[in-house]
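Enquirer: I have a structure I would like to understand better, so I am pasting it below and will then ask my questions one at a time.
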Amino acid sequence: MNPAQVWKDLRETYAQSCIDFLLPRAMQKWNLLKFSDFPNIHAYNAELQCIATDLKECDHGLICTDTQMILKILTTVPDYMSHIASFLFMQKDNMTYRDIFRELRKVESFVTLRKEIMAESSSDNMESQSFENDVDKSKRKNNRRKRRAERIQTRVHSCRGGNVQFLQRS
């Protein structure tokens, strides 16, 4: 049998199931897709690519063009990316989806790095301001260790005849 004929027969057999099942599900996912529903741009991009692939498999290429994917990502970005999204929206005719994705990824990594630096600097400030609290915490920690050691010794001494099979810690 001719391989081209086999592919044609398979396509005819499964084309209806694609239209009946895959297309409505992919369209629903496309309509509900928002950047803010994902933890980062990589997860969003992975889901967007899966949906685009499903739509392309159903020969529904009107939605999954590069321009439509650009519009989708730029219209659903979170607030902290809105300024760069506005700029990229003006430049969308001169850029591909990959270019836009790359720029948004740079912004996201910059924002993540900035948050980490801010968290470190605020924790450093908190540590310097609460030196007295740290001393109190270390005293409490040492007291807890002493009490725990005393409980363990009490258990060991309370065993009769020195037959200690196991030692259970609290």
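The values are calculated or read from the model by the stated rules, or taken from the named source; none is laboratory data. A quick note: this is a predicted structure, and the numbers were derived from the prediction, not measured. Because the Cβ atoms are built from the backbone with ideal geometry, glycine has one as well, and the counts that use them run over all protein chains shown.
Enquirer: When the range 80-114 is examined, which residues are found to be charged (D, E, K, R) and modelled with pLDDT of 85 or more?
Expert: 98, 99, 102, 103, 105, 106, 108, 114
Enquirer: Output the residues belonging to the range 6-43 that are in contact with a Leu (Cβ under 8 Å, 6 or more places away or on another chain) and not aliphatic (A, V, I, L, M).
Expert: Of everything in the range 6-43, just one residue is in contact with a Leu (Cβ under 8 Å, 6 or more places away or on another chain) and not aliphatic (A, V, I, L, M), namely 30.
Enquirer: Now for a separate question. Does the range 20-30 contain at least one residue that is assigned to a helix (DSSP H, G or I) and under 17 Å from residue 96 (Cα atoms)?
Expert: No, the range 20-30 has no match at all.
Enquirer: Just to verify a result, which residue in the range 1-59, among those that are more than 13 Å from residue 73 (Cβ to Cβ) and among the small types (Gly, Ala, Ser), is surrounded by the most Cβ atoms within 10 Å (Cβ to Cβ)?
Expert: 26
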